[in-house]
1. What is the residue count in the range 30-72 for residues that are assigned to a helix (DSSP H, G or I) and over 21 Å from the mean Cα position of the chain (by Cα)?
2. Taking Glu94 as meeting all but one of (1) in contact with a Gly (Cβ under 7 Å, 6 or more places away or on another chain); (2) modelled with pLDDT of 90 or more, write down the number of the exception.
3. Tell me whether the range 90-104 contains one or more residues that are in contact with a helix residue (DSSP H, G or I) (Cβ under 8 Å, 6 or more places away or on another chain), free of Cβ contacts under 8 Å to residues at least 40 places away in the same chain and either under 30 Å from Asn23 (Cα atoms) or not basic (Lys, Arg) (or both).
4. Write out, first by first residue and then by second, each pair whose Cβ atoms fall under 8 Å of each other, whose residues are 6+ apart or on separate chains, and whose first residue, in the range 163-187, is under 17 Å from Gln92 (Cα atoms) while the second is surrounded by 12 or more Cβ atoms within 10 Å (Cβ to Cβ) and among the small types (Gly, Ala, Ser).
5. Restricting attention to the range 41-64, report how many residues are of a type in the set (Ser, Thr, Tyr), surrounded by fewer than 15 Cβ atoms within 10 Å (Cβ to Cβ) and within 13 Å of Thr8 (Cα to Cα).
6. Listed residues Leu156, Leu115; which is surrounded by fewer than 17 Cβ atoms within 10 Å (Cβ to Cβ) and at pLDDT below 75?
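The values are calculated or read from the model by the stated rules, or taken from the named source; none is laboratory data. Nothing here was measured: the structure is a model prediction, and the numbers come from that model. For neighbour counting, all protein chains shown are included, and Cβ atoms are generated from backbone atoms with ideal geometry for every residue, glycine included.
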Amino acid sequence: MPPKVKITKKMVADASFEVVRANGHENLNARTISEYLGCSTQPVLYSFKTVDEIREAAYEIADKYHSEFIMPKDTDDNPMLALGLNYVRFGQEEKNLFRFLFQTDKFGGKDVTVLMADPGLSEIMEIMAAGLKVDMEQAKEMFLTFFCVAHGMASLLANNSMEYDEGQCRKMLENVFFGMMAARKGK
């Protein structure tokens, strides 16, 4: 009977996420993962064939974590504004994960239509369309504008180019949101 596996593939994936979260994606390698797990590099590389596969596993975990982090709560009065503020806060609080998810080559050369086609956004788009009393295409157009502003703020925060001031961030996002609403009424 072979010995029981002490370091599982899930443990390696979870450790890779934690290494990226604490130290940045630039420091993700078999050695840093093995140090995190308190083992040699052999079990790390036994579970995954390459460090790129480990990076993919970490990316999937980070993406899921990000999605849960930014989703509005049922108690939020304005789900779109809450989503934007949560996204900006993610850039501030999870700088390494933000850079890993949005400032690496993972999406290099891709168009924002890829973002808009994400099935995970369908629930948000439906809530927005109903709450704003617009059709789905108008909701997508408004979301894209709002997202670009929120992403810019989150990027500045994640790269320490801006100090976080929640009140200021809220005011900027409200200006964009209510400006879009006013523009829709004017049409």
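1. Looking only at that region, the number is 16.
2. Failed condition: (1).
3. So far as the range 90-104 goes, no, none of its residues is in contact with a helix residue (DSSP H, G or I) (Cβ under 8 Å, 6 or more places away or on another chain), free of Cβ contacts under 8 Å to residues at least 40 places away in the same chain and either under 30 Å from Asn23 (Cα atoms) or not basic (Lys, Arg) (or both).
4. Going by the 8 Å Cβ cut-off, the qualifying pairs are Leu173/Gly84; Leu173/Ala150.
5. Of the residues in the range 41-64, 1 are of a type in the set (Ser, Thr, Tyr), surrounded by fewer than 15 Cβ atoms within 10 Å (Cβ to Cβ) and within 13 Å of Thr8 (Cα to Cα).
6. When all the criteria are applied, what remains is Leu115.
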